[in-house]
Amino acid sequence: MPGAIYAEGLVKTFGDVRALDGVDLDVPEGTVLGMLGPNGAGKTTAVRVLTTLLQPDHGRAVVAGIDVLAHPDRVRRSIGLSGQFAAVDEYLTGRENLMMVGQLYQMRGRDAKRRAGELLERFHLSDAADRPAKTYSGGMRRRLDLAAALVVSPPVMFMDEPTTGLDPRNRQALWDVIQELVAGGTTLLLTTQYLEEADRLAHDICVVDHGKVIARGTSDQLKARTGGERVEVVVHVAEDIPVAEQVLRGFGKGEGTIDPHTRKLTVPVAGGAKLLAEVIRELDGRGVEIDDIGLRRPTLDDVFISLTGHAAEAEDENGAGGESLTGGRGAGGREKEAVK
Ligand SMILES: Nc1ncnc2c1ncn2[C@@H]1O[C@H](COP(=O)(O)OP(=O)(O)OP(=O)(O)O)[C@@H](O)[C@H]1O
Ligand SMILES: [Mg+2]
């Protein structure tokens, strides 16, 4: 049985641009799909097709069990949408905007008012609740738009870059609301540029580029594809590099790298923290003094760069993959310090 959001072979072209080039999706009920992809990948186009705002050239989509092309109005009644660009009525106050949505969904006045108050508080808008939305800052509008999408809890929700432009406190508030919704059975498709967000919220992730799904899986599966975990050791003196290399080779599961400037050795491993303890013991036993040692896992950022970097550039698989593995985030700054 197809999931709560299902798409098969979606194609949408704008002139020469194939914004969607054969997209298949299947999101099981009550789960979150995180859709990642660089600017122009086709994320918003996919959301617009799935939410009936745009007709695809080819393909089929079923949302909440309803065929999107055959019964768009029925689909609209079963979904919630928060778009990439906030859609609020400028002349109404924040509270009025939210109450209006409740009324559109036939909530009783009292319930609409209570829900509006609740959401205004959660998104830290209570103080501004009775001011017209046109006086709101960009981040405040964004929050009001999200709150509007959350007035009712439809079975299927779409959020296009919901936390872009939100400060950390409000991002956290949204994550909490999303987690509650999903715990209550809502199915969510979320696009995001914040990979930490996908890591936290999404059961499954698909990476889109040039209108195609180029990878899918859980966050852990995608990370494992990018190379799995590795041990990184920084030895105290360069003379110890050869011995350390020998030790690491004994534990490694593939080619390692050595950076003589930073005295950092990296080797792919399997075995987690237990193995790390063994590496430390062995290095200690061989008299190697270490400045730093750690087990590093690739982040989703590594995955993203390796996948989309590869897709955007050339056929050279090793080139793109290797870069992101050895060039770990945050290491750059430390490297420069050490060289100096
Ligand atoms: N209405 C339109 N007319 C012409 N081209 C369009 C239209 N909508 C989208 N496109 C093109 O389709 C491609 C995909 O756009 P889309 O907005 O889906 O990307 P996106 O993944 O949401 O990007 P972003 O991360 O910047 O929001 C882009 O090349 C864009 O220029
Ligand atoms: Mg977009």
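Could you tell me how far the Cα centroid of the stretch 1-23 sits from the Cα centroid of the stretch 160-196, in Å?
First find each Cα centre; the distance between them is then 24 Å.
Projected onto the charge dipole of the chain (+1 at Lys/Arg Cβ, -1 at Asp/Glu Cβ, origin at the Cα centre), which of Leu125, Gly30, Ala244 gives the Cα projection farthest towards the positive end?
Leu125
Test of understanding: what is the full-extension gain from Glu121 to Asp176, defined as 0.36 nm times their sequence separation minus their Cα-Cα distance?
Stretched fully, the Glu121-Asp176 segment lengthens by 18.5 nm.
If each residue of separation counts as 0.36 nm, what is the full-extension length gain between Asp67 and Arg114 once their alpha-carbon separation is subtracted?
13.6 nm
So between Ala238 and Asp292, what do we pick up on full extension, going 0.36 nm a residue minus the alpha carbon distance?
Going from the current span to full extension adds 18.1 nm.
Against the longest principal axis of the chain, how steep is helix 138-149, in degrees 0 to 90 to the nearest 10, with axes from Cα atoms?
70
Ignoring chymotrypsin sites (Phe, Trp or Tyr not before Pro) that are buried or in helix or strand per DSSP, and keeping those with at most 16 other beta carbon atoms within 10 Å, what is the longest stretch of the chain between them?
That gives 106-340 as the longest site-free run.
Step by step: find N for the stretch 1-124, compute 2.2 N^0.38 Å, then divide the Cα radius of gyration by it. What's the final number?
Taking N as the residue count of the stretch 1-124, the ratio is 1.23.
Modelled label-to-label distance, Phe14 and Ala273, 7 Å Cα→beta-carbon offset: nm?
4.8
Can you compute log10 of I(q)/I(0) for the chain with the Debye formula, treating each Cα as one identical point scatterer, at q = 0.11, 0.13 Å⁻¹?
Debye curve over Cα of the chain, log10 I(q)/I(0) at q = 0.11, 0.13 Å⁻¹: -0.81, -0.99.
In the stretch 37-117, which trypsin sites (Lys or Arg not before Pro) fall in coil by DSSP and have 11 or fewer other Cβ atoms within 10 Å?
Sites meeting the loop and neighbour criteria: Arg108.
Pick out, from Thr257, Ala64, Tyr105, the residue whose Cα sits farthest towards the positive end of the charge dipole of the chain, with +1 on the Cβ of Lys and Arg and -1 on the Cβ of Asp and Glu.
Of the options given, the answer is Tyr105.
At 7 Å along Cα-to-Cβ for each site, give me the label-to-label distance between Asp26 and Ser153 in nm.
2.8
With everything on Cα atoms, drop me the angle between helix 300-312 and the longest principal axis of the chain, reported from 0 to 90° to the nearest 10.
Tilt of helix 300-312: around 90 degrees.
Say the cut-off is 28 Å between C-alpha atoms; which of Lys43/Lys113; Lys223/Lys253; Lys43/Lys264; Lys212/Lys253; Lys113/Lys134 go over it?
Correct reply: Lys43/Lys113; Lys43/Lys264; Lys212/Lys253.
So what's the back-of-envelope 222 nm ellipticity for the chain, counting only DSSP H runs of four-plus at -39500 (n - 2.57) apiece and dividing by all residues, rounded to 500?
Calculated from helices alone, the mean residue ellipticity at 222 nm is -12500 deg cm²/dmol.
Describe numerically, in nm with one decimal, the distance between label points set 7 Å from Cα along Cα→Cβ at Gln221 and at Glu282.
Here the modelled spin labels are 3.2 nm apart.
Let me spell out the model: positive unit charges on the Cβ of Lys and Arg, negative unit charges on the Cβ of Asp and Glu, origin at the Cα centre of the chain. What dipole size does that give, in debye rounded to 20?
Value, rounded to 20: 1300 debye.
Calculate the dipole size of the stretch 151-242 relative to its Cα centre from +1 charges on Lys and Arg beta carbons and -1 charges on Asp and Glu beta carbons; express the result in debye to the nearest 20.
340
What FRET efficiency comes out for the pair Arg74/Arg200, r = Cβ-Cβ distance, R0 = 35 Å, nearest 0.05?
0.60
Readers should treat all values here as calculations from the given coordinates under stated rules, not as data from a laboratory. This one's a predicted model, so the numbers in the text were calculated from it and none came from an experiment. Here the Cβ is made from the backbone with ideal geometry for all residues, glycine too, and neighbour counts use every protein chain on show.
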